[in-house]
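I have placed the structure first, in the form of structure tokens, so that the comments after it can refer back to it.
The values are calculated or read from the model by the stated rules, or taken from the named source; none is laboratory data. As the structure is a prediction and not an experimental result, all values here were calculated from the model. So basically every Cβ, Gly included, is an ideal-geometry build from the backbone, and we count neighbours across all protein chains shown. When the accessible area is computed, the model is the full protein with side chains, heavy atoms only, and any ligands, DNA or RNA have been set aside. Shrake-Rupley method; radii C 1.70, N 1.55, O 1.52, S 1.80 Å.
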Amino acid sequence: MPAQPDVRNDLPLKHWTPTSWAQLAAQNLDLFLADHAICEQQAALFGLSLIGHYPGDDELVDKMSALAAEEVSHLRRVTLLLRKRGHRPSKKRSNPWVQGLRRQIESHREALLKVDRLLVGALIEARSCERFSCLMQTLGEEEADVRSLLFDLGPAEKRHWQMFFQLAQRHLPPPELEPRWQRWLEIEAELSAAGGIEPTVHG
Ligand SMILES: [Fe+2]
Ligand SMILES: [Fe+2]
């Protein structure tokens, strides 16, 4: 596998996953992958749901339909790998980390609701990128298939958080967007610091 600069280098996150989480996920790799598959399915659905909310936003429709297609390709790849290992995707589970983020979304004013939905999308993608990179560094050569999957997906999820953030940037000037984003990063860091105890993508 070629050397790759650590994709975590310019992630905006304020909390870094401890290596103890990566060790837990590595010891329960099939559980991690089963959860990962369902996260890819949920990521595709989230992109499609934004198209349903904002069908008049051409740029969003184009980018979210491309994103959903890419997330489905990730889902297919994880599912095939799981099957090769004798496992299946897990059932949809309640995800306290995502629920914690969703509870903080500004739901009363449409302009801010849209910005918050996009910023939450950016956070989900950034955290996925961080977790994939963290786990990849812990896995040994005997898990070459999973390392190869994570090696490819880390940069894709990094591109995705930047895409969500860029879509949000269209709706608020920097002096308003920046403090809002910083507040979101703090909320996410708190939620994330409370996790790291389950071998799941965001647990
Ligand atoms: Fe993905
Ligand atoms: Fe993604």
Looking at the structure I just gave you, is Leu135 crowded, with 21+ Cβ neighbours inside 10 Å, more than 16 Å from ligand 1 (Cβ to nearest atom) and either modelled with pLDDT of 95 or more or not in a helix (DSSP H, G or I) (or both)? no
Would it be correct to say that Leu45 is within 14 Å of ligand 2 (Cβ to nearest atom) and over 19 Å from Gly203 (Cα atoms)? yes
Hey, any hits in segment 101-115 for a residue that's within 15 Å of ligand 1 (Cβ to nearest atom) and either among the aromatic types (Phe, Trp, Tyr) or open to solvent by less than 30 Å² (accessible area, probe 1.4 Å) (or both)? no
Count of segment 118-164 residues which are of a type in the set (D, E, K, R), over 16 Å from Trp184 (Cβ atoms) and within 10 Å of ligand 2 (Cβ to nearest atom): 3
Looking at His53, is it in contact with a Lys or Arg (Cβ under 8 Å, 6 or more places away or on another chain) and open to solvent by 20 Å² or more (accessible area, probe 1.4 Å)? yes
Check off (1) assigned to a helix (DSSP H, G or I); (2) open to solvent by less than 70 Å² (accessible area, probe 1.4 Å); (3) closer than 22 Å to Asn9 by Cα for Arg159 and give me the number that stays unchecked. (2)
